[in-house]
Amino acid sequence: MPWYEQRSLQTRAYEPHILLSLVNSTVTDVSIKESISYEAVMGMINRYVSREVNWSEFEDLEVIGTDEIALEKGHGNFITIVSTRLSNGKNRILGLL
């Protein structure tokens, strides 16, 4: 069925909702709020987020964005996200530093 991923307990329509719920939340927070397992949330992340950049998707990099996120309160433990927007309007993460 096109709305169902084999061996997944959630539908494909539900997965983008979970991924959006991860903004400003942890995997644990989302799993508790949605009453699904930590592993289910991680499975969705692994299906939607590639570990490598497919550079053939990019004709050029007109706009590059950066954002810094603190992993812990205080100083010294940060991640920088480098991203761009494709010509079709979709955002892509280029790297996590």
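The values are calculated or read from the model by the stated rules, or taken from the named source; none is laboratory data. Here the structure is a predicted model, which means the values were calculated and not measured. Virtual Cβ from ideal backbone geometry, glycine too; neighbours counted across all protein chains shown.
Count, please, the residues in segment 23-65 that happen to be within 25 Å of GLY89 (Cβ to Cβ) and among the aliphatic types (A, V, I, L, M).
Looking only at that region, the number is 8.
Tally up the residues in segment 38-77 that are free of Cβ contacts under 8 Å to residues at least 24 places away in the same chain and within 17 Å of the chain's Cα centre (by Cα), please.
Adding up the residues that qualify gives 16.
Limited to segment 1-57, what total is found for residues that are part of a loop (DSSP other than H, G, I, E, B), modelled with pLDDT of 85 or more, surrounded by 11 or more Cβ atoms within 10 Å (Cβ to Cβ) and of a type outside the set (Val, Ile, Thr)?
2
If you scan segment 59-97, which residues turn out to be touching a strand residue (DSSP E or B) at 6+ places or on another chain (Cβ under 9 Å), closer than 18 Å to TYR48 by Cβ and not in a strand (DSSP E or B)?
LEU86, the sole residue that qualifies.
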